[in-house]
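The values are calculated or read from the model by the stated rules, or taken from the named source; none is laboratory data. These figures come from a predicted structure and were not determined experimentally. Here the Cβ is made from the backbone with ideal geometry for all residues, glycine too, and neighbour counts use every protein chain on show. Side chains included, ligands, DNA and RNA excluded: accessible areas come from the protein's heavy atoms. Shrake-Rupley method; radii C 1.70, N 1.55, O 1.52, S 1.80 Å.
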Amino acid sequence: MSALLASVTAAVDAWRTRDEAEAATRADFVAALRDHGQATLERSGPPTHVTASAFVFDEDAAHVLLCFHGKGRFWVQPGGHLEAGDTSVEGAALRELHEETGVPAARLDGIVVADLDHHALGGGFGRCASHLDIGVTARVSDIAVPLVVSDESDAVAWWPVAALPSDSAPGLADRLARVLAAR
């Protein structure tokens with residue numbers, strides 16, 4: 001078993017569900033990992049595969065860092081597909097965060113897996129039908145950290161958790177609420 005598969009499996013195994021919806025999501029992860037193993041971690045694997053994302057908050061969790069996703073045309077937390085060099089789900093989420101926003105892992109505190117989410121994708125995502133996303137949370141003490149816009153995004157910005165943009169990804173507000181409840 002690869003280190004990344006072991007990390008993903010450990011995150012799913014350790015996840016404690018709080019309601020039926022979370023239990024169903026966790027069951028989706030378990031089934032995908034059982035049925036497809038390592039292939040579930042690869043973009044070229046089955047149409048439903050594991051991704052990692054980062055919910056980065058300021059110290060009091062009043063603001064969250066979001067990207068305006070180029071393909072999806074919505075505001076969402078930084079994240080994406082796992083890559084061959086990734087050795088942990090946390091590392092994959094932090095790599096994606098750095099690639100998409102310029103925020104380095106060294107600026108973060110309190111990094112922890114805080115969410116499992118299974119969401120369908122629109123036709124603009126090619127052969128990807130849905131993502132089994134593992135959300136990692138972290139804090140940054142200074143939101144004045146310089147931000148960088150990547151090729152995958154049109155913008156990167158801090159948003160008040162209580163006033164998310166109207167063009168946020170479907171379900172983002174509910175997912176943020178779950179993430180914050182898990183902190």
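Listing for the model above:
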item: Trypsin sites (Lys or Arg not before Pro) within segment 1-70, DSSP loop, no more than 16 other Cβ atoms inside 10 Å; result: 16, 18, 43
item: Listed residues 146, 46, 165, most fluctuating in the chain (Gaussian network, C-alpha, under 10 Å); result: 146
item: Whole-percent carbon and sulfur share, accessible surface of segment 25-93, 1.4 Å; result: 51
item: Order of exposure, largest accessible area first, which applies to 159, 15 with probe 1.4 Å; result: 159, 15
item: Relative contact order computed over the chain (Cα-Cα under 8 Å; 6+ residues apart), in percent; result: 26
item: Part-to-part distance (alpha-carbon centres) for segment 36-88 and segment 151-176, which is given in Å; result: 14
item: Mean residue ellipticity (222 nm) of the chain, computed from DSSP H runs ≥ 4 via -39,500 (n - 2.57), nearest 500; result: -9000 deg cm²/dmol
item: Radius of gyration and Dmax over the Cα atoms of the chain, both given in Å; result: 15.2, 44
item: Residue 35/residue 164 FRET efficiency (R0 35 Å; Cβ-Cβ; nearest 0.05); result: 0.50
item: Relative packing of 127-136, 57-66, 102-111, which averages over residues the other C-beta atoms within 10 Å, highest first; result: 127-136, 57-66, 102-111
item: Dipole of the chain, positive end: most advanced residue of 168, 132, 70 [Cβ charges, Cα centre]; result: 132
item: Fraction of beta bridges assigned by DSSP in the chain that are antiparallel (%, nearest 5); result: 70
item: FRET E, pair residue 148, residue 24, Förster distance 35 Å, beta-carbon r, rounded to 0.05; result: 0.45
item: Label-reachable residues, segment 20-58, where backbone N falls under 20 Å from a point 7 Å from residue 87's Cα toward its Cβ; result: 38, 41-42, 52-53
item: Contour minus Cα-Cα distance for residue 155 and residue 60 (0.36 nm per residue); result: 31.9 nm
